[in-house]
Amino acid sequence: MPEKTPKTVVSKILAPKDVTSCDATAQMVAKARRDDVELCFDRAANMKACPIGADSACCKHCSMGPCRLNAKDPYGKVGVCGATIDTIMARNFGRMVASGAAAHTDHGMAMLDLFREVVNGRITDYEIKDTEKLLDVAASIDIETEGRSIQDIANDLYAELERTYTQVEGEIPFAKRVPEKTLETWRKLGIVPRGAMREIMELMHRTHIGVDQHYENITKQCNRTALSDGWGGSMVATEISDILYGTPSPVVADVNMGVLKENMVNIIIHGHEPNLFESMMASVNSPVLVEAAKAAGAGGINLVGMCCSGAEMMSRHGIPHAGNFTSTEAILCTGAVDAMGVDIQCIKQGLAKVAECYQTPLFTTNPRCHIEGATHIEFNDHTPADCTDEIVIKAITRFKNRSLPVEIPKITNPGVHGFSAEYITYMLGGSFRGSYTPLNENIINGRIRGVAGVVGCTNPRVKQDWVHVELVRELIKNDVLVLQTGCSQIALAKAGLYTPESACLAGPGLREVCETVGMPPVLGMGSCVDNSRILIAASEMVRTGGLGSSIAELPAAGAAPEWMSEKAISIGQYFVASGVYTVFGVTFPIVENTKFHKLLFNGLEEQGLGKWGFTPDPYEMAHMMIAHIDKKRKALGIDKARERVLVDMNDRRQIDAA
Ligand code: SF4
Ligand code: MSK
C-alpha cells in the first residue's frame, strides 16, 4: 500500500507564514492545523503539479491519446494524429480562453436576463437605479435617447445588447466603444467578435481533433473569443449591474477577517453575481429577521462579502469584505461564520468539508453550481427573498446553537474603494470639466509615468498576496498609477494601500497627483468581470488625446501575478488583443522556445496588438512593465517631459524610507 502523508506532517512542512502574507489567514491556517483540518494550502503542498500538463504539452482530445510530448525536446515527437506541440499547446490554450470567456459571458447573459425581466415588469424586487448610466450606455452604442421614455430606451438597450451573445454575423455592439485605430487593426486581422456564443462555439469546434491544426489560426480565434468576453460578455455584465444597482463611486470600507463580529449573526456571500448579494442585503435588513436574530441573543446580523461579488458589493455599497479567494476556507476556521452562501465561480469544493468541520451551513444557490455536501436553496430572480431569507433563518439557528470556540483575527484594514471609469472622469476633472484630460496631462508631463492594471486571483501555489503587494509597491514607487480589480484589489487593501495616506509610498510625481486629488495611488474598480472598466478607462485615455491613437500606444501594462483560473487566461488574452502588454506570474501554460510561445510573447505585438510576458518575481515583473511603459513614452515623444520631473537623491531616499 502506498504510504499516506499524515496531516501532522503537512503542518510541519508548511509554516503558516510561508503560505500567506495575510496575517489573518496565517492565524486561521495555524488554527486549522491545531484542529486537524485540511485547507487548500495543504492540498497544494501535497499535489505535485504534473509538469507535462502545466506546460500544455499533453493532449487528451481523443482516445488515440492522451499524447504526451516532451517539453525539453518539443519537436522530437508528435501526437498519434500527428499534432505538433504548437497545435497541442494552442488548442489547450484556446480551450482555456473558451472556458474563461464562457464563464464571464454566461454571467453577463444572466444579468441581461434579469434586466429584461425588470424592464418588462415581470420582476419587481429590482429596479433601474442608475438612469444616467442607462442613458450613457445607450448613447454609447447609438441608441436615440432624446425625448424618449426610460422604458423605451431600456427596451432598445436590451435588444441591442442581446446581440453581444446571440449575433451570428456582424460586430458586437460595444465594438463602437473601441478606439478607431484599435478597431481597424482588429478588422484587418479578422478578429472583431460577432456574438460570444458563436465565438466560443467556433473555438471549441476548431480545437476538436482534426480541425484547426495551425497555431496561428487557432490564436486568431482565441483573440476573437477573448474579445467577445472583454468587450462583450464582461462589459455587458458590468454595465447592466451598474444600471440596476448603481455605478460605484468612492466609499470607505473595511477589509479583512476582523469584519466578522463575535456577537452578531455572521453571513458571508461569496461568488460573482450581484443579484444574490443585493437580495441578501434586503434580507439582513428585514425588521422581522433582525428581531429574530436579537431574540436568539445576537446584536444583529452582519453581512460581509468575499472574493469577487464581495469586491463588487464593497465598491458599490461599502459592504465589508472578509478576504480573497485563498482565504475562503480559512475564514470558516474562525467558527464565527453562521452561514456562507455561494453562487458561481471560484467556489472551492473543499469549502464543504471545512464548513462541516466548523458546523457552518454552506448554501449553494445557483442552478449552475451545486456542491456535494452543501445545501442547495435555489435563488430565483422573481422571488429572491425566498432564498436569502431562508439562509438568514438558518444562520440565526446556527448562531443560537454555536458550540465551537470562536476565534476572529482582530485585523481590519479600512480603505477607499469604488473607482468606476465614470468616477475617474469626475475625480480628476470635477463636475464642470469632468474628463480624462487631467490624467492624460499628468502622464504627458511625467508626474504619472504610466498606468498599470494589476488584477486577478490568489493561488495557493505561491505565498498568498505577496506577489501582488510587492509588485504594486514597486510600481507606485516608480510613479505608475495602479488600477485594480478582483482578489488583487483585496490583497492590496489588506496591505493598507487603499488609504489616501498611502500616497507617501508613491514616487514624487504620483504622490503629488494623489495628494492634490486626495486619492490613493491604487484605485480599486470591483470584481474580475469589472476588468471591462479598465478597458473603458483605456479607451477614454486614447479618445482624450495626446497618448496615441490606439490602446497599444498607451504607456500602460497589465498583470495577473497570482492567477489561477481559466477566466484569468481569457482576461489576459483580451487585454493582449486590445493592445496591452500583460504579464502573468505563478506559471505560464506554454513551453518556451516554441513557435506558439514566440507568437504570444512577440508576434502578436508585431501585428499591432499587445503581447504576453511572464515572470513569477514581482520586482522583475514591475520592471518589465515599467520598461514597456517607458518604451511607449519614448514612441510618443513624451520621454523628455518626464526627465524634467526627475527628483533629487534626497527626495528619492525619503520615498524609499517611507
Ligand atoms: Fe493525441 Fe492527436 Fe488525439 Fe491529441 S488529438 S490525443 S495529439 S491523437
Ligand atoms: S474571484 S477569477 S480568484 S480574481 Fe473573481 Fe478572484 Fe480570480 Fe476568482
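On the basis of being modelled with pLDDT under 95 and farther than 25 Å from V19 by Cβ, does G507 make the cut?
Here the answer is no, as G507 does not meet what is asked.
Can you say whether V118 is assigned to a helix (DSSP H, G or I), more than 30 Å from V542 (Cβ to Cβ) and touching an Asp or Glu at 6+ places or on another chain (Cβ under 8 Å), as far as the supplied structure shows?
Here the answer is yes, as V118 does meet what is asked.
Evaluate the range 576-583: report whether one residue or more is touching an Asp or Glu at 6+ places or on another chain (Cβ under 9 Å), outside the structural domain of M314 (by TED's automatic domain parsing), within 18 Å of Y436 (Cβ to Cβ) and outside any loop (DSSP other than H, G, I, E, B).
no
Consider S279 carefully, then state whether it is crowded, with 22+ Cβ neighbours inside 10 Å and at negative phi.
Considered against the rule, which asks whether it is crowded, with 22+ Cβ neighbours inside 10 Å and at negative phi, S279 comes out as yes.
Restricting to the range 158-196, count the residues that are under 22 Å from I240 (Cβ atoms), within 24 Å of the chain's Cα centre (by Cα) and touching a residue at least 40 places away in the same chain (Cβ under 8 Å).
Of the residues in that region, 10 qualify.
Quick check: anything in the range 347-360 in a helix (DSSP H, G or I) and touching a His at 6+ places or on another chain (Cβ under 9 Å)?
yes
Out of the range 363-389, which residues are more than 12 Å from L276 (Cβ to Cβ) and among the β-branched types (V, I, T)?
Passing the criteria: I371, T375, T383.
For the range 483-499, indicate whether the set of residues that are surrounded by fewer than 20 Cβ atoms within 10 Å (Cβ to Cβ) and more than 16 Å from ligand 1 (Cβ to nearest atom) is non-empty.
Within the range 483-499, one or more residues are surrounded by fewer than 20 Cβ atoms within 10 Å (Cβ to Cβ) and more than 16 Å from ligand 1 (Cβ to nearest atom).
Any residue in the range 294-311 that's free of Cβ contacts under 8 Å to residues at least 60 places away in the same chain: show its pairings with residues that are among the hydroxyl-bearing types (S, T, Y) and within 16 Å of ligand 2 (Cβ to nearest atom) at Cβ separation under 6 Å, as long as the two are six or more apart or on different chains.
Pairs found: M306/T328.
Give the range 535-551 a look and list any residue that's surrounded by fewer than 24 Cβ atoms within 10 Å (Cβ to Cβ), under 17 Å from K631 (Cα atoms) and not hydroxyl-bearing (S, T, Y), or say none.
Selection gives G546, G548.
Sort out which residues of the range 44-72 are out of contact with any Leu (no Cβ under 6 Å at 6 or more places or on another chain) and away from ligand 1 (no atom under 16 Å from the Cβ), and write them in order of number.
Kept after step one, since they are out of contact with any Leu (no Cβ under 6 Å at 6 or more places or on another chain), are these residues of the range 44-72: 44, 46-56, 58-72.
Within the range 44-72, A44, N46, M47, K48, A49, P51, A54, K72 qualify.
Looking at S527 and the list (1) at pLDDT 95 or above; (2) within 16 Å of ligand 2 (Cβ to nearest atom), which single condition is not satisfied?
(1)
Give the range 365-376 a look and list any residue that's surrounded by fewer than 17 Cβ atoms within 10 Å (Cβ to Cβ) and in a loop (DSSP other than H, G, I, E, B), or say none.
Across the range 365-376, the qualifying residues are P367, R368, H370, E372, G373.
I need a count of the residues in the range 73-89 that are more than 8 Å from ligand 1 (Cβ to nearest atom), surrounded by fewer than 21 Cβ atoms within 10 Å (Cβ to Cβ) and not basic (K, R).
4
For a quick check of your reading of the model, give me the residue pairs whose first member lies in the range 515-533 and is closer than 14 Å to Y423 by Cα, whose second is part of a helix (DSSP H, G or I) and of a type in the set (D, E), with beta-carbon atoms closer than 6 Å and at least 6 apart or on different chains.
What qualifies is G526/E312.
Looking only at the range 39-66, which residues are modelled with pLDDT of 95 or more and in a loop (DSSP other than H, G, I, E, B)?
Passing the criteria: L39, K60, H61, C62, S63, M64, P66.
Inspect all residues belonging to the range 71-87 and state whether any of them is in contact with an Asp or Glu (Cβ under 8 Å, 6 or more places away or on another chain), more than 16 Å from ligand 2 (Cβ to nearest atom) and outside any helix (DSSP H, G or I).
yes
If the requirement is being buried (at least 24 other Cβ atoms within 10 Å of the Cβ) and more than 16 Å from ligand 2 (Cβ to nearest atom), which of these qualifies: A49, A24?
Being buried (at least 24 other Cβ atoms within 10 Å of the Cβ) and more than 16 Å from ligand 2 (Cβ to nearest atom) holds for just one of A49, A24, which is A24.
Could you count how many residues in the range 608-636 are touching a helix residue (DSSP H, G or I) at 6+ places or on another chain (Cβ under 6 Å), touching a residue at least 60 places away in the same chain (Cβ under 8 Å) and not in a helix (DSSP H, G or I)?
2
The values are calculated or read from the model by the stated rules, or taken from the named source; none is laboratory data. These numbers were taken from a predicted model, which means no experiment stands behind them. Glycine gets a Cβ as well: all are built from the backbone with ideal geometry, and neighbour counts include every protein chain shown.
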